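Visitor: Dumping the structure here so I can ask a few things about it.
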Amino acid sequence: MKLLVDSGSTKADWIAIDDAGKVLFTTQSLGINPEVLGKDQVIARLEDRFDISHNRKSVSNLYFYGAGCGTDRMRDFLAGIFKEYFPNADISVQEDTYAAVYATTPRGQQAIVSILGTGSNCSYFDGVVLHQKVQSLGYIAMDDCSGNQFGRHLIRGYYFNKMPKELAAEFEKAYDLEPDTIKHHLYKEPNPNAYLATFAKFLIQHKDHEWCQRIIRSCMEDFTEFYIKQYPNHKDVPVHFIGSIAFYLREELKEVLDAHGIKLGNVLRRPIDGLIAYHSIPPE
């Protein structure tokens with residue numbers, strides 16, 4: 001049994017397949033990001049899903065693609081936990097960008113592949129090797145155009161009285177905006193980046209409002225300038241995207257990229273279905 005996992009900070013999609021690619025089971029857990037979770041928290045999230053815990057000794061290969069797995073230290077940390085939990089499995093832990101590459105880019109083709117979800121990332125795939133020019137420093141310092149950055153903009157706009165009154169009234173109806181509640185989630189609970197990203201839904205729902213449009217366009221311009229344009233061939237290859245932010249704001253994304261002469265490629269909400277095909281078909 002092969003177990004394929006695509007994990008962000010918010011949630012993780014799990015699919016078990018046999019050697020022919022037949023789906024044996026699917027499930028979803030809370031996200032597993034080694035930058036913000038300890039070993040006990042990771043184990044608890046595995047134990048919480050019956051299909052995962054019940055089949056842990058039957059797994060022959062675990063292919064985990066996750067947020068927060070961009071360094072050797074984090075990959076080794078998570079691989080060690082998985083090796084204990086899935087004792088009969090060969091373990092592969094890679095950053096989530098590889099899942100995005102395998103899901104969006106045909107074998108052997110070149111592309112720039114970006115993630116715009118709870119967090120953000122951007123890499124160049126030369127058809128064989130993934131190249132990354134920007135090492136992520138996490139949600140506090142980076143994550144341009146991500147769900148958690150949108151959440152910060154909304155909360156700051158609301159608390160600094162910059163959010164238009166009609167929007168603020170809607171915002172108050174949609175969320176608990178008590179200072180103690182917000183500070184508790186940001187400083188006392190795990191995954192504060194995922195908490196911030198929950199506010200992005202409001203921005204998407206009100207994306208036609210001028211104030212929201214300014215935030216969206218500004219963040220997309222920053223992502224284009226600081227991430228995509230790091231690669232000299234950004235006008236020569238398609239730029240693929242994975243993630244809910246890219247998926248639900250595809251029209252705005254295309255307009256921004258068009259203005260820079262950049263070709264928008266495939267845009268998928270999640271890569272897991274593409275991973276089934278990738279791990280079922282042997283490479284040529």
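For (1) out of contact with any Leu (no Cβ under 9 Å at 6 or more places or on another chain); (2) within 25 Å of Thr10 (Cβ to Cβ); (3) surrounded by 15 or more Cβ atoms within 10 Å (Cβ to Cβ), each residue gets a yes or a no:
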residue	(1), (2), (3)
Asn191	no, yes, yes
Lys201	yes, yes, yes
Gln205	yes, yes, no
Cys212	no, yes, yes
Glu225	yes, no, no
Val237	yes, no, yes
Gly261	yes, no, no
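Visitor: Quick check: anything in segment 130-139 among the hydroxyl-bearing types (Ser, Thr, Tyr), open to solvent by 40 Å² or more (accessible area, probe 1.4 Å) and under 15 Å from Ile272 (Cα atoms)?
Guide: Step one: list which residues in segment 130-139 are among the hydroxyl-bearing types (Ser, Thr, Tyr), which gives 136, 139.
Next, from what is left, pick out any that are open to solvent by 40 Å² or more (accessible area, probe 1.4 Å): 136, 139.
The next check asks that each one be under 15 Å from Ile272 (Cα atoms); those that pass are none.
Checked against the condition, which is being among the hydroxyl-bearing types (Ser, Thr, Tyr), open to solvent by 40 Å² or more (accessible area, probe 1.4 Å) and under 15 Å from Ile272 (Cα atoms), segment 130-139 yields no hits at all.
Visitor: Just give me the residues in segment 76-91 being surrounded by fewer than 17 Cβ atoms within 10 Å (Cβ to Cβ) and either in contact (Cβ under 8 Å) with a residue 24 or more places away in the chain or β-branched (Val, Ile, Thr) (or both), in sequence order.
Guide: Matches in segment 76-91: Pro87, Asn88, Asp90.
Here's the yes/no breakdown for (1) under 19 Å from Arg214 (Cα atoms); (2) at pLDDT below 95; (3) in a loop (DSSP other than H, G, I, E, B):
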residue: Val237; (1), (2), (3): no, no, yes
residue: Ile245; (1), (2), (3): yes, no, no
residue: Glu251; (1), (2), (3): yes, no, no
residue: Val256; (1), (2), (3): yes, no, no
residue: Asp273; (1), (2), (3): no, yes, no
residue: Ala277; (1), (2), (3): no, yes, no
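Visitor: Here's something else I'd like to know. Assigned to a loop (DSSP other than H, G, I, E, B), open to solvent by 20 Å² or more (accessible area, probe 1.4 Å), out of contact with any Lys or Arg (no Cβ under 6 Å at 6 or more places or on another chain) and of a type in the set (D, E, K, R) - does that describe any residue in segment 114-129?
Guide: yes
Visitor: If I filter segment 35-46 down to residues being out of contact with any Ser or Thr (no Cβ under 8 Å at 6 or more places or on another chain) and touching a residue at least 60 places away in the same chain (Cβ under 8 Å), which single residue comes out as most open to solvent (accessible area, probe 1.4 Å)?
Guide: Among those that are out of contact with any Ser or Thr (no Cβ under 8 Å at 6 or more places or on another chain) and touching a residue at least 60 places away in the same chain (Cβ under 8 Å), it is Glu35.
Visitor: Out of Tyr231, Tyr248, I need the residue that is crowded, with 17+ Cβ neighbours inside 10 Å, in contact (Cβ under 8 Å) with a residue 24 or more places away in the chain and touching a Phe, Trp or Tyr at 6+ places or on another chain (Cβ under 6 Å). Which one?
Guide: Values: Tyr248 fails: touching a Phe, Trp or Tyr at 6+ places or on another chain (Cβ under 6 Å).
None of the other options fit; the residue is Tyr231.
Visitor: Mind listing just one residue for me: the one in segment 140-166 that is assigned to a loop (DSSP other than H, G, I, E, B) and of a type in the set (S, T, N, Q) and, of those, surrounded by the fewest Cβ atoms within 10 Å (Cβ to Cβ)?
Guide: Asn161
Visitor: Another question, if that's okay. Could you tell me how many of the residues in segment 47-75 are assigned to a helix (DSSP H, G or I) and either open to solvent by less than 40 Å² (accessible area, probe 1.4 Å) or over 14 Å from Thr26 (Cα atoms) (or both)?
Guide: First pass over segment 47-75, keeping only residues assigned to a helix (DSSP H, G or I): 47, 50-54, 72-75.
Cutting the leftovers down to either open to solvent by less than 40 Å² (accessible area, probe 1.4 Å) or over 14 Å from Thr26 (Cα atoms) (or both) gives us 47, 52-53, 72-75.
Of the residues in that region, 7 qualify.
Visitor: Let me ask something else about it. Restricting attention to segment 123-136, does a residue exist that is under 26 Å from Asn61 (Cα atoms), under 16 Å from the mean Cα position of the chain (by Cα) and touching a residue at least 12 places away in the same chain (Cβ under 8 Å)?
Guide: yes
The values are calculated or read from the model by the stated rules, or taken from the named source; none is laboratory data. Keep in mind that what you see is a predicted model, and the values were worked out from it rather than measured. FYI the Cβ positions are ideal-geometry reconstructions off the backbone, even for glycines, and counts take in every protein chain you see. Accessible surface areas use protein heavy atoms only, side chains included; no ligands, DNA or RNA. Shrake-Rupley method; radii C 1.70, N 1.55, O 1.52, S 1.80 Å.
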